[in-house]
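Here, each number is a calculation from the coordinates, and none is a lab measurement. Not measured: the values here are computed from a predicted model. Cβ placement follows ideal geometry from the backbone for every residue including glycine, while neighbour counts extend to all protein chains displayed.
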There are 4 protein chains.
Amino acid sequence: MAVDSRERVRAAAVKLFAGKGFHGTGIRDLAQAAKLSSASLYHYMGTKEELLAGIMRESLERLLEAATLVSGGVADPRLRLGNLVALHVMTHAVQPDETRVVDNEVHALSAVAKRTVVKLRDDYELLWAEAIDAGIAAGAFDTARPAVTRLALLEMCSGVARWYSPRGPLTLDQLAAHFAELAMRALGCAGIGGELDLERCRTVVSQVWKVKLRGTGGPGGAGPYPD
Amino acid sequence: MAVDSRERVRAAAVKLFAGKGFHGTGIRDLAQAAKLSSASLYHYMGTKEELLAGIMRESLERLLEAATLVSGGVADPRLRLGNLVALHVMTHAVQPDETRVVDNEVHALSAVAKRTVVKLRDDYELLWAEAIDAGIAAGAFDTARPAVTRLALLEMCSGVARWYSPRGPLTLDQLAAHFAELAMRALGCAGIGGELDLERCRTVVSQVWKVKLRGTGGPGGAGPYPD
Amino acid sequence: MAVDSRERVRAAAVKLFAGKGFHGTGIRDLAQAAKLSSASLYHYMGTKEELLAGIMRESLERLLEAATLVSGGVADPRLRLGNLVALHVMTHAVQPDETRVVDNEVHALSAVAKRTVVKLRDDYELLWAEAIDAGIAAGAFDTARPAVTRLALLEMCSGVARWYSPRGPLTLDQLAAHFAELAMRALGCAGIGGELDLERCRTVVSQVWKVKLRGTGGPGGAGPYPD
Amino acid sequence: MAVDSRERVRAAAVKLFAGKGFHGTGIRDLAQAAKLSSASLYHYMGTKEELLAGIMRESLERLLEAATLVSGGVADPRLRLGNLVALHVMTHAVQPDETRVVDNEVHALSAVAKRTVVKLRDDYELLWAEAIDAGIAAGAFDTARPAVTRLALLEMCSGVARWYSPRGPLTLDQLAAHFAELAMRALGCAGIGGELDLERCRTVVSQVWKVKLRGTGGPGGAGPYPD
DNA sequence: CATGAATGAGTATTCATTCAT
DNA sequence: GATGAATGAATACTCATTCAT
């Protein structure tokens, strides 16, 4: 029961912070969404800001762990980056609320908490940077401004959280593959889509976030974006 | 004096809404930033929400006008999209606060205001969609999922507002050219950078936003992002 | 405790609204009078206007119920009106704050609440109108302008709330009897004072308003009005 | 022009204070109704409270003067009181806003201003008291509680300001005559309506308030109260 | 004569948080 | 574990009033 409540609070916070922003979400909103009184809320959380910080830290830790799992030991920089892109896109598609909170609510953090979060984010981006640099060093990638390109690709992939719908025409794998292809093109590198380990990415996302995924299952109907 | 104050309020709101979010910005913050008492603020604005809505509407109207100016009458879809990309990137680089407010604070709008803003955004995106569709129809572009690619590119370009610094190593033109190149690659289309009318984009941004631009001037020193 | 506070808030509101008017009473005044912080006030009320509307509605419902109790089943229109007058006067003497709020603060109500209150007031006045009309039809009453006379009598009786003091020389019964006599004279009808059921009126007032009445007890000393 | 504005302010204040109460009327409401900016308002008034006090004092002075004019030198107490009643009713019918402000907004006055106003009110009521006492002494009036009866009659007559409409079926003279009759009945004194000097009352009201009256002209159509 | 600009103090209401039960 | 009660501080916004122009 306690665990249940704790999770309900966490889940409510993620959804509300994503939808209305940290400052736009009141403690009463949280209580209502978690089916608890606002006083009871405080059995399961510290302050509202600690709740936010916990969500962000945990989300980034999961992303970082997942990224390590899908990129570690992959020698080919192209595949390494491809997996990173696929994972990032899948994560943002499957957990849009968590990722939007991470991406949009840093400003609401205290200086101390911000430091932690920014550090995690930097560690994560380093994986991308290393893959890109390695690809350039190996002559596989071609881009005049690696850092700019990295930022461009990260933003492109993070944007998925803002528009992807699981009820749309794309499966997770199709989505991830398309973005991996876009990334490779951006880096001047012909399609290696067939060699991506999408299943591994899916499995990792599923494990790290403890969610079930519909896998490669077909589309679920007309979504909010046309194709 | 009145005009001055009105503009100070608007400018303060843009900066604060961008930095701390609409709900994170108090009327006292606004007053302090505008060097006015909180009561005096109300000589120059309606409600706080109307202030936000005004900023968003005006920003989108300017973007839409600018986009029409740089894309209208450009027959080649590649050049048309290239100009749209360059303009979008320049706008987000030059006016990062306005564009971040537009991109991040829609949730704070009332239903009525939201409708207006979403309509403007849709009109704007239509210009991109038409250029991409025309490019595909003409055989110039190659992408399996035009709509997904469009969203990916838009997010990629909008992200510029989150990290670009005018004090960094890239000039506006270099930035815009790089993103145009990324877009063309994403659409499977060889570099046409040389034919982009970057000067026209710069002029339009400058006029529409009534700001002076450093033009193609060299880099200003080390920025917050490495290259 | 909760009930206590709720009642304290209601009682404070009645007294203050009566004395200084709705708009003249601040939320801080209410809080102070209810011995609560202004924030705590909101545990026991909705908005300030809902508090007012609740007071007015409840007061009118009680008055209407009481009037029905003392006039229902009384065949003789003279006695029926006499009882209505006695009840009205007693109510205004015993609950001057509630009745003054009802009589003076309608303008502070929102359109919706106003409708409800006016409807109740109309229902109540209908009892008077019916008794007067019946008395005329029966030849017991004689007045050229029944509607005008009704309004005149109502205002005359309501005025009691503005000047009567329980510490004055008149008991409730004496007051009520005097006004019943005035009403009968106004309707050209010889004194029937002896037949009025003042005790029933007193009992009904006492029950409906849940107050103890000194009954027919003698005067308590010199009051604010001379006799 | 100045005089015009001053009168517009006064007129606006009377109407608004009567309709929404002193505390319910903002300085901006006054400015709008007087077609002036809120700053300009202060060319024609002191503080808002002084404006109210001025209105109340002046209204009471006019009423007192008028009452003196219609009752002075009238030997018969029945006629004297009859004239006072007729004048009071006419005044409340013709100037409902002024009289309602006087009757309802005393609580908004400062202690000093309240003293003046209460003194004037007492002086005025003394005229009624003297007439009633004289009538009793002369054996013309019969009432057990002269003071209570006086208060009852005053409230009855003042109520006219709350419901009379000049567009209703009663002319001023009919209204005044009816109330004089009610008063006489209340005082146990047969009809002396025919001897009332209604024309004199009308003239005095007209002069004192500087208004034109439709005189005894017929009814203007269906009004808000039936007869 | 008229007003836009300005504001300190105030408005009603909500905030996140604590605590006794 | 759960919550009704409570509140100091904050919220967005309005008040009556002044004054320079």
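Rounded, prolate or oblate for region B:136-186? Axes are the square roots of the Cα gyration tensor eigenvalues, ordered a ≥ b ≥ c, and the cut-off for rounded is a/c under 1.5. Could you put the intermediate results ahead of the total?
On the way: a/c = 4.42, a/b = 1.98, b/c = 2.23.
Oblate, because a/c is 1.5 or more while a/b does not exceed b/c.
Under 10 Å, Cα contacts only: if you run a Gaussian network model on chain B, which one of B:ALA176, B:ALA140, B:ALA67 comes out with the highest mean-square fluctuation? Residue with maximal mean-square fluctuation among B:ALA176, B:ALA140, B:ALA67: B:ALA140.
With its label point put 7 Å out from Cα toward Cβ, A:LYS119 sits 5.0, 6.5, 7.9 nm from the same residue's point in the other copies, in order from shortest. When the Cα positions of B:ILE27, C:SER158, B:LEU63 are compared along the charge dipole of the protein assembly as shown, B:ILE27 comes out farthest toward the positive end, with charges on each C-beta of Lys, Arg, Asp and Glu. The calculated 222 nm mean residue ellipticity attributable to helices in the protein assembly as shown amounts to -21500 deg cm²/dmol, summing -39500 (n - 2.57) over DSSP H runs of n ≥ 4 and dividing by all residues. Calculated FRET efficiency, D:VAL112 to A:ALA111, Cβ-Cβ distance, R0 = 51 Å: about 0.35 to the nearest 0.05.
Quick one: which residues, 5+ away or cross-chain, put their amide H under 5 Å from the amide H of C:PHE141? H built at 1.01 Å from N. Those lying under 5 Å, H to H, from C:PHE141 are C:ILE136. What separates the Cα centres of region C:96-120 and region D:1-80 is a distance of 25 Å. Of all beta-carbon atoms in chain B, the one sitting closest to the axis that brings chain B onto chain C gives B:THR47, 9, with the distance in whole angstrom. Under the rule a/c < 1.5 gives rounded, and otherwise a/b versus b/c splits prolate from oblate, where does region C:53-94 land using the Cα gyration tensor? Cα axes put region C:53-94 in the oblate bin. Report the label-to-label distance for B:ARG6 and C:THR47 in nanometres (one decimal), using points 7 Å from each Cα along the Cα→Cβ vector. It works out to 3.1 nm between the two label points. For region C:13-78, the relative contact order is 23 percent, taking Cα pairs closer than 8 Å that sit 6 or more residues apart in sequence and dividing their mean separation by the residue count.
Rounding to the nearest 20 debye, state how big the charge dipole of chain B is about its Cα centre with +1 on each Lys and Arg Cβ and -1 on each Asp and Glu Cβ.
740
GNM on chain B, alpha-carbon springs under 10 angstrom: the most fluctuating residue among B:GLY21, B:GLY194, B:GLY159 is B:GLY194.
Summary for D:GLU199: label point 7 Å along Cα→Cβ; distances to the equivalent points in the other copies, ascending, 5.8, 9.7, 11.5 nm.
Stokes-Einstein diffusion for region C:1-82, with the hydrodynamic radius set to the Kirkwood value over Cα pairs and evaluated at 37 °C in a medium of 0.692 mPa s, equals 229 µm²/s.
What average count of beta carbons from other chains do you get within 10 Å of the Cβ of residues in A:178-186?
Details: counts 6, 4, 0, 6, 11, 2, 2, 9, 7.
Mean partner shielding for this stretch: 5.
Note on chain C: with a GNM built from Cα contacts shorter than 10 Å, the maximum mean-square fluctuation among C:ARG100, C:ARG167, C:ARG200 falls on C:ARG167. Taking a quarter of the surface of the Cα convex hull of region C:80-210 gives a mean projected area of 8.5 nm².
Percent of Cα-Cα pairs more than 39 Å apart in the protein assembly as shown, please.
Working: 238564 of 411778 pairs.
For the protein assembly as shown, the fraction of Cα-Cα distances above 39 Å is 58 percent.
Counting Lys and Arg as +1 and Asp and Glu as -1 over every other residue whose Cβ lies under 14 Å from the Cβ of D:ASP197, the net charge comes to 0. When Rg and the Kirkwood radius Rh are both evaluated on Cα atoms of chain C, their ratio Rg/Rh stands at 1.00.
Copy-to-copy label distances for C:GLU58, where each label lies 7 Å from Cα along Cα-to-Cβ, are 4.3, 4.5, 5.0 nm in order of increasing length.
Taking Cα centre as origin and charging only the Cβ of basic (Lys, Arg, +1) and acidic (Asp, Glu, -1) residues, the dipole magnitude of region C:1-59 rounds to 140 debye.
Distance from the C-alpha centroid of region C:127-157 to that of region A:172-209: 89 Å, rounded to the whole angstrom.
Charging the Cβ of each Asp and Glu at -1 and of each Lys and Arg at +1, and nothing else, the dipole of region B:1-132 about its Cα centre rounds to 380 debye.
The mean count of C-beta atoms from other chains within 10 Å of the C-beta of residues in A:107-115, rounded to a whole number, is 1.
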